Amino acid sequence: MFSEQSFRLDGKVALVTGASYGIGFAIASAMGQAGAKIAFNGRRPELIEKGVADYKELGIEAHGYICDVTDEQAVQNMVSQIEKEVGVIDILVNNAGIIKRIPMLEMSAEDFRQVVDIDLNGPFIVSKAVIPGMIQKGGGKIINICSMMSELGRETVSAYAAAKGGLKMLTKNIASEYGQYNIQCNGIGPGYIATPQTAPLREIQPDGSRHPFDQFILAKTPANRWGEAADLGGPAVFLASPASDFVNGHILYVDGGILAYIGKQP
Ligand code: NAP
Ligand code: GCO
């Protein structure tokens, strides 16, 4: 039954991967403000430390771990440590990710593999480490951070699109395989969000004008703006909360309307 508690995460333990800054930080902050205990990881120790301090400034006590999501043993160790220090994980957000913008014919197989390894194998590895605890606990929530590139292609992002398209299907498969254990696995597909990852697409040009890609995105977005990382907080809390207990295998696009729009006419 719906109540004012339906959107609260009090007492829940949330692991958000890659959350020292960017979209992960915004999602973890929103979950912390909704009452969850926060654990996060990243690869760079100095940024983990800074992340912990930034969460503290928001009144959130977050536990930071140095861990590469592609390293299966390191992920297993981190999950065990979180269980001891914070509690068994109720909510997992697979957010850590990278992009390489290289035309496909110029891209090495090694670069392609690295993107798929972090953006697709990473969520598989972390989910695999966390699901047994969720089953024992009687349920859980997994949120995979997908992309416009889970649906659309464009020049230079073949590996990223392949990985994010795969992540959409991994989401549906986790929902299918573990829904019986009261685990809901959904995706969030952010539109174009102003973070370090997209900074090169927004650089002001030497003549002071906006980057051509920046103008292209504004013309493709009915909201007529880039998203802010904070725009993802509400949707993430919803998908982590009891309010979404019968939502499973769904991708929630948070894109200011990009996927609905053919684009501004010239
Ligand atoms: P970002 O600013 O580049 O942040 C990426 C985060 O992932 C960082 O915290 C980084 O930590 C971490 N990370 C990368 N590789 C890792 C690894 N192997 N192991 C552990 N952590 C790792 O990117 P963002 O824009 O916030 O994007 C976050 C997620 O949203 C990504 O999956 C991205 O593809 C997706 N997304 C972004 C947009 C957008 O417009 N920005 C749109 C749709 C989807 P370290 O620096 O410590 O490695
Ligand atoms: C790009 C962008 C995108 C965004 C995002 C869109 O080069 O096209 O980086 O891929 O990061 O994933 O949803």
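The values are calculated or read from the model by the stated rules, or taken from the named source; none is laboratory data. Fair warning: this is a prediction, and the values are worked out from it, not measured in the lab. Glycine also receives a Cβ, built like all others from the backbone with ideal geometry; neighbour counts cover every protein chain displayed. Only protein heavy atoms, including side chains, enter the accessible area calculation; ligands, DNA and RNA are left aside. Shrake-Rupley method; radii C 1.70, N 1.55, O 1.52, S 1.80 Å.
The table below lists the values:
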{"quantity": "Test: residue in segment 50-67 that is of a type in the set (Lys, Arg) and either farther than 29 Å from residue 242 by Cα or modelled with pLDDT under 95 (or both)", "calculated": "yes"}
{"quantity": "Residue check for residue 161: within 11 Å of ligand 2 (Cβ to nearest atom) and of a type in the set (A, V, I, L, M)", "calculated": "yes"}
{"quantity": "Among residues of segment 91-115, those that are under 16 Å from the mean Cα position of the chain (by Cα) and buried (at least 16 other Cβ atoms within 10 Å of the Cβ), counted", "calculated": "9"}
{"quantity": "Residue 102 vs. criteria in a loop (DSSP other than H, G, I, E, B) and closer than 30 Å to residue 154 by Cα", "calculated": "yes"}
{"quantity": "So residue 119, is it open to solvent by less than 20 Å² (accessible area, probe 1.4 Å), at pLDDT 95 or above, touching a Lys or Arg at 6+ places or on another chain (Cβ under 8 Å) and away from ligand 1 (no atom under 16 Å from the Cβ)", "calculated": "no"}
